[in-house]
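The values are calculated or read from the model by the stated rules, or taken from the named source; none is laboratory data. All values derive from a computational prediction rather than experimental measurement. Heads up, the Cβs are rebuilt from the backbone with ideal geometry, glycines too, and the neighbour counts pull from every protein chain shown. Ligands, DNA and RNA are excluded from the accessible area calculation, which covers all protein heavy atoms including side chains. Shrake-Rupley method; radii C 1.70, N 1.55, O 1.52, S 1.80 Å.
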Amino acid sequence: MINFEYMRVSTVKAAVDALRKYPDSAVIAGGTNLVDLMKKGVTSPGRLVDITNLPLKEIIDEGTGLRIGALVANSDLADDASVQAAYPLLSQALKAGASAQLRNMATVGGNLLQRTRCGYFYDVAMPCNKRKPGSGCGALQGYNRMHAIFGGSSNCIAVHPSDMCVALAALDAQVLVSGPAGDRKIAFTDFHRLPGATPEKDNNLNKNELITGVYIPANQFGHRVHYLKVRDRASYAFALVSVAAALNIRDGRIVTARLAMGGVAHKPWRLFEAEKNLTGKTPSIPVFEQAAQIAMKGAKGYGANNFKLKLAPAALTEALTRASGISA
Ligand code: SF4
């Protein structure tokens, strides 16, 4: 049995102070990933800081955007009336993730911090640079069907598992954090990291910082959005490839496009060049296919995941077609 201390805090300051005072502590809220990691021996914090009593459970429509507390449950966020009306891409992505039971427990902050589902990461008998830096990467030459085609390194080719984060990356969200140096905002696309030489670091949170919420600026996409998730089962499976697509179409032309992919990189993979290519064009399948080809620049397979090189552009074209409302 692995022993650990447990404490519950009721203010953000107390949480940050606890993280500073107990360097081997971990924050727990819904626990839907952390408890698994502890049971499998992937991580063994000396203390759990329970933040479920913090006042971070509100969804506030500020007119210029939506402020979402870090402790809002994924299911509550997906069903929220203002989210469904003004940010339907987020609702679609949330409902594509996990199971209903997990969505009831999982929080927004925890969703951002969930760790890769690479099998080698969870099997402590196998090499994994993310779990144990310097031990090697089992997936590079091993079973890598679920792994990255963008942004991988010779140290790690894991993918970020979240659906919600793909939609938030496409919607230009910001991550709100609080730490010893005060509060700050991190652009969502800068929050998660590529593996590089330090795959053990998933994100750019500073030491002892706590996620307090997420902010999404208002947008003009309305319901011209689509979250497409391609997976092995109809439900409760991680994405092989997913696409968050949002289009603002006026007078028959694309004014603004937002595109991000999941299941393809160590972070939600925003496709800025493809978005630029779409701007000003009349929506059509050839236009979407061209954008998808641009999006695939730099993609690389590692053997068992080579099929993603064909699946990803097809998924991009399909998601854009559905978002645009043109008939396929
Ligand atoms: Fe570990 Fe990353 Fe390699 Fe998976 S891909 S075994 S998480 S280093």
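At 0.36 nm per residue, minus the direct Cα-Cα distance, what do Asp36 and Ile285 gain on full extension? Give it in nm, one decimal, please.
85.4 nm
If the elastic network links every pair of Cα atoms under 10 Å, which of Lys21, Lys267, Lys300 fluctuates the most in the Gaussian network model of the chain? Fluctuation is largest for Lys21.
The HN-Hα couplings worked out from phi for the stretch 45-52 by the Karplus form 6.51 cos²θ - 1.76 cosθ + 1.60 (θ = phi - 60°) are x, x, 8, 9, 9, 7, 9, 5 Hz, whole numbers, x standing for Gly and Pro. Summing Lys and Arg as +1 and Asp and Glu as -1 over all other residues whose Cβ lies under 11 Å from the Cβ of Leu228 gives a net charge of +1.
Of all DSSP beta bridges in the chain, what percent run antiparallel (nearest 5)? Here the antiparallel bridges make up roughly 85 percent for the chain. Of the residues Gly263, Ser284, Leu247, the one whose Cα sits farthest toward the positive end of the charge dipole of the stretch 225-324, with +1 on the Cβ of Lys and Arg and -1 on the Cβ of Asp and Glu, is Gly263.
Given the convex hull over the Cα atoms of the chain, what projected area results after averaging over all orientations, in nm²? Show your work: numbers first, answer last.
Details: hull surface 65.6 nm².
Its average projected convex-hull area is 16.4 nm².
Got a number for carbon plus sulfur as a percent of the stretch 283-328's accessible area, 1.4 Å probe?
Numbers: 1210 of 2160 Å².
Within the stretch 283-328, the accessible surface is 56 percent carbon and sulfur.
Computed per residue of the chain from DSSP H runs no shorter than four, each worth -39500 (n - 2.57), the mean residue ellipticity at 222 nm is -8000 deg cm²/dmol. Here the ratio of the Cα radius of gyration of the stretch 5-53 to 2.2 N^0.38 Å is 1.09.
For the pair Arg231 and Asp190, the difference between a 0.36 nm per residue extended length and the Cα-Cα distance amounts to 12.1 nm. About the centre of its Cα atoms, the chain shows a dipole size close to 700 debye [charges on the beta carbon of Lys, Arg (+1) and Asp, Glu (-1) only; nearest 20 debye].
Over the stretch 78-221, what percent of the accessible surface lies on carbon and sulfur atoms, probe 1.4 Å?
Working: 2920 of 5640 Å².
It is 52 percent, rounded to a whole number.
Shown in residue order for the stretch 267-272 are the 3J(HN,Hα) couplings computed by the Karplus curve 6.51 cos²θ - 1.76 cosθ + 1.60 at θ = phi - 60°: 9, x, 9, 7, 10, 4 Hz (x for Gly and Pro).
Pairs of Cα atoms nearer than 8 Å and 6+ residues apart set the relative contact order; for the stretch 52-193 it is 17 percent. Pull up all non-local amide H partners of His266: gap of 5 or more, or a different chain, and H-to-H distance under 5 Å with H placed in the peptide plane. Distant-sequence amide H within range of His266: His160. Computed from backbone phi, the HN-Hα couplings of the stretch 163-170 come to 8, 3, 5, 5, 5, 5, 5, 5 Hz, rounded to whole numbers (Karplus: 6.51 cos²θ - 1.76 cosθ + 1.60, θ = phi - 60°; Gly and Pro given as x). Computed over protein heavy atoms with a 1.4 Å probe, the carbon and sulfur contribution to the accessible area of the stretch 5-53 reaches 49%.
For the stretch 1-61, averaging the sequence separation of C-alpha pairs within contact (under 8 Å, six or more residues apart) and dividing by the residue count gives a relative contact order of 51 percent. The GNM of the chain, with springs linking C-alpha atoms under 10 angstrom apart, assigns the highest mean-square fluctuation among Ala85, Ala18, Ala73 to Ala85.
Here the scattering of the stretch 199-299 is modelled by Debye summation over its C-alpha atoms, one equal scatterer each and no solvent; at q = 0.24 Å⁻¹ the log10 of I(q)/I(0) is -1.30.
Taking every alpha-carbon pair in the stretch 44-89 and binning the separations at 5 Å intervals from zero gives 5, 19, 25, 20, 11, 9, 5, 5, 1 percent.
Using a Gaussian network for the chain with springs between C-alpha atoms less than 10 Å apart, which of these wobbles most: Gln174, Gln141, Gln293? Of the options given, Gln141 has the highest mean-square fluctuation.
Full extension from Glu58 to Val255: what is 0.36 nm times the residue separation minus their Cα-Cα distance, to one decimal in nm? Let's see the in-between values first.
Values: separation 197, 0.36 × 197 = 70.92 nm, distance 3.23 nm.
The span from Glu58 to Val255 would gain 67.7 nm if fully extended.
Entry comment: accessible area of the chain is 44 Å² per residue, from protein heavy atoms only and a probe of 1.4 Å.
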